[in-house]
Amino acid sequence: MNEHSYVLEYGIISFGDRTMDEQFVSIGKAAKMLGMSIEGLRKWEREGRLIPVRTLTNHRRYRVADLHVLMHETVQNPALDTRCILYARVSTKEQQEAGHLDRQLGRLTAFAAEQQWPLVAALTDVASGLNEQRRGLHQLLDLARDHRASLVIVESRDRLARVGLGYLETFLHAFGVRVVVVESPVNDDQQELVEDLIAITTSFSAQIYGQRGGQKMGAAVRQVMATLAQEGVPE
């Protein structure tokens, strides 16, 4: 018997291949996948609803296949699953301080409440839509992967991303999550478009002219945009 053996109610099964470990997860991971507490899983075990495998050291291990079945059973009709995640984003601290982020999130919250959709999380970012390292966005993807929600509510698709949105939506759809767009009559993102234009120009210029050249090009674009904002576009 080796470290990959598991004790079941009816005896011992030995797994010689370490890849078999990937078919089982700890009680903490299982609770996260099902969106419930560890104590809740222990209660299910006492009730006979979900019986874990036991290791030789008496630790619980849950079959991933069993958890996936339970995830789909949680909602009898997936089309009626309205658990939602709110996602709001602005590009700059100035926009956040001006209240744009709070107002955006407030409109999303009001919409979800009006629809009577259960709220799983309200996530925000203060970063460019070109930034792939946004904490709120990564939390959203983690929740989607763990089947914690079926809807993502945004005011416009570019809140999720300016570039590569199709890849994000494909990822979400793979886990049964769809994006709901609540178009807002309030236009808070003109400055965001300017900042994203500058970011794109700086990035591509840096690849051609080097980092210093990219910074100079970005500064030049910013100056042109500021002049146009003051004087308007010439006829």
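Within the stretch 86-101, how many residues are among the small types (Gly, Ala, Ser) and either at pLDDT below 85 or touching a strand residue (DSSP E or B) at 6+ places or on another chain (Cβ under 7 Å) (or both)? It would help to see each step written out before you state the result.
Of the residues in the stretch 86-101, the ones among the small types (Gly, Ala, Ser) are 88, 91, 98-99.
With either at pLDDT below 85 or touching a strand residue (DSSP E or B) at 6+ places or on another chain (Cβ under 7 Å) (or both) added as a condition, the list becomes 88.
The number of residues fulfilling the criteria is 1.
Going by the conditions given, is Arg46 surrounded by fewer than 18 Cβ atoms within 10 Å (Cβ to Cβ) and not polar (S, T, N, Q)? Yes, satisfied. The set of residues in the stretch 105-118 that are over 21 Å from Leu165 (Cβ atoms) and in a helix (DSSP H, G or I) comprises Gly106, Thr109, Ala110, Ala112, Ala113, Glu114, Gln115.
Which residue out of Arg83, Arg63, Arg42 is in the same structural domain as His173 (by TED's automatic domain parsing) and at pLDDT 80 or above?
Working: Arg63 fails: in the same structural domain as His173 (by TED's automatic domain parsing); Arg42 fails: in the same structural domain as His173 (by TED's automatic domain parsing).
On inspection, the qualifying residue turns out to be Arg83.
Among the residues examined, Asp102 does not qualify as in the same structural domain as Ser156 (by TED's automatic domain parsing) and either assigned to a strand (DSSP E or B) or hydroxyl-bearing (Ser, Thr, Tyr) (or both).
Can you find a residue that is out of contact with any helix residue (DSSP H, G or I) (no Cβ under 8 Å at 6 or more places or on another chain), in a loop (DSSP other than H, G, I, E, B), surrounded by fewer than 19 Cβ atoms within 10 Å (Cβ to Cβ) and of a type in the set (A, V, I, L, M, F, W, C) anywhere in the stretch 119-128? Yes, the stretch 119-128 contains a residue that is out of contact with any helix residue (DSSP H, G or I) (no Cβ under 8 Å at 6 or more places or on another chain), in a loop (DSSP other than H, G, I, E, B), surrounded by fewer than 19 Cβ atoms within 10 Å (Cβ to Cβ) and of a type in the set (A, V, I, L, M, F, W, C).
The values are calculated or read from the model by the stated rules, or taken from the named source; none is laboratory data. The structure presented is a predicted model; accordingly, all values stated were derived computationally and were not measured. With ideal geometry, Cβ positions are generated from the backbone for all residues, glycine too; neighbour counts draw on all protein chains shown.
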